[in-house]
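Take a look at the structure set out below.
The values are calculated or read from the model by the stated rules, or taken from the named source; none is laboratory data. This is a predicted model, so every value here is computed, not measured. In this analysis, Cβ positions are derived from the backbone assuming ideal geometry, glycine residues included, and neighbour counts consider all displayed protein chains.
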Amino acid sequence: MAAAALKLSPYSDPRQQCFQTEFKPTKGRTFLSSRNPLLPLPKPHRYSFKCCCLPSSSSSSTNSITPFQYYSFLDEPFRGSRVLTNEELEKLKALESFVYLQELESGSLWVRVMRTEDLDLTVRLLALSFAESMFMSLQYETLLRFFVNQYLLERRASMPHAVTLVGFYREQGGKRGEELAGTVEVCFDKRGATASPPTPTAPNSSPYICNMTVTKELRRRGIGWHLLKASEELISRMTSSKEVYLHCRMIDEAPFNMYIKAGYNVIQTDGVLILLTLQRRKYLMCKKLPVSNSFPESCISESGEEINV
């Protein structure tokens, strides 16, 4: 009996994971992809930087974010036997040291690259959000987790050309401790581009943000906004290209407004024929990032009114 292979083609939505689905008969199970405290690195390098976005009014309370322990992606089994160039090694070290910190009104948020111990939580979040966006029964969650897990492992093998970021949140005065607040995927170049990108198709040689989702109980706190800003900060340090692309479904008004506020412009729109494939029409949006030769040592706060997502 033919098995059903789930084809996942991601695009960006700061409130929920938005995989496109396509069921195809196959002869076997295959996965078809589309696209705690941290110590500083012992030795700086040209890609090393701090990404601290803490308001000037933040205080050293018990809920303040502390540095993280040093972590090496070179020790992870996902790399396989692929030999990295010197440039790739430098970029991988930059990903190890990357952390984006932000004090929100309701608590603290920090964003870093997903590690091995984060995989199960991230898979669960994406599977639940995917089921929600597609109005699927939670009885399919186990199957969804399997495919999402395979997808994330495949994408991690492309590091440092693409990366999955995870955001952790600690509520002020809360006793629950830190919890996974959201995730987002960032593709930096052609080697990190997905195999079957959604339409309208973005240039595969340009940075691309996708698969953004926020934990349902933590939405409307600005977490989606800061996942987006963390992605842009990392892109500005990891690539020379300053044009970044993302997709937004036409029905998602709040994310669309957030992207417009963040400086993204619609450059192409899905045609109506895409509806025949049971997919939502999408905008392809693009933003030119400002040129930044070095990240400022002082902490920077976000200016202007923030859209809560």
Requested in this report: Tell me which residues, restricted to region 123-158, are surrounded by fewer than 23 Cβ atoms within 10 Å (Cβ to Cβ), under 20 Å from residue 189 (Cβ atoms) and within 14 Å of the chain's Cα centre (by Cα).
Outcome: 152, 156
Report summary line: Per the filter on region 230-255, residues more than 13 Å from residue 163 (Cβ to Cβ) and either aliphatic (A, V, I, L, M) or in contact with a Leu (Cβ under 7 Å, 6 or more places away or on another chain) (or both) are 232, 236, 242, 244, 245, 246, 247, 250, 251, 254
Query - Scan of region 236-262 for residues that are over 21 Å from residue 290 (Cβ atoms) and of a type in the set (A, V, I, L, M), ordered by number - result: 250, 251, 254
Query raised in the report: Could we say that residue 95 is at pLDDT 90 or above and either assigned to a helix (DSSP H, G or I) or in contact with a helix residue (DSSP H, G or I) (Cβ under 7 Å, 6 or more places away or on another chain) (or both) here?
Result: yes
Report summary line: Restricting region 98-118 to residues that are surrounded by 14 or more Cβ atoms within 10 Å (Cβ to Cβ) and among the hydroxyl-bearing types (Ser, Thr, Tyr), the one modelled with the lowest pLDDT turns out to be 106
Report summary line: Among residues of region 222-259 being among the small types (Gly, Ala, Ser) and assigned to a helix (DSSP H, G or I), the residue farthest from the chain's Cα centre (by Cα) is 254
Query - Qualifying residue in region 212-221 (condition: within 19 Å of residue 155 (Cα to Cα), surrounded by 17 or more Cβ atoms within 10 Å (Cβ to Cβ) and hydrophobic (A, V, I, L, M, F, W, C)) - result: yes
Query - In region 165-198, the residues that are among the polar types (S, T, N, Q), surrounded by 19 or more Cβ atoms within 10 Å (Cβ to Cβ) and modelled with pLDDT under 95 - result: 194
Requested in this report: Output the number of residues of region 239-257 satisfying the condition of being modelled with pLDDT of 95 or more and crowded, with 21+ Cβ neighbours inside 10 Å.
Outcome: 5
Query - Conditions (1) more than 16 Å from the chain's Cα centre (by Cα); (2) over 19 Å from residue 167 (Cα atoms); number of the one not met by residue 207 - result: (1)
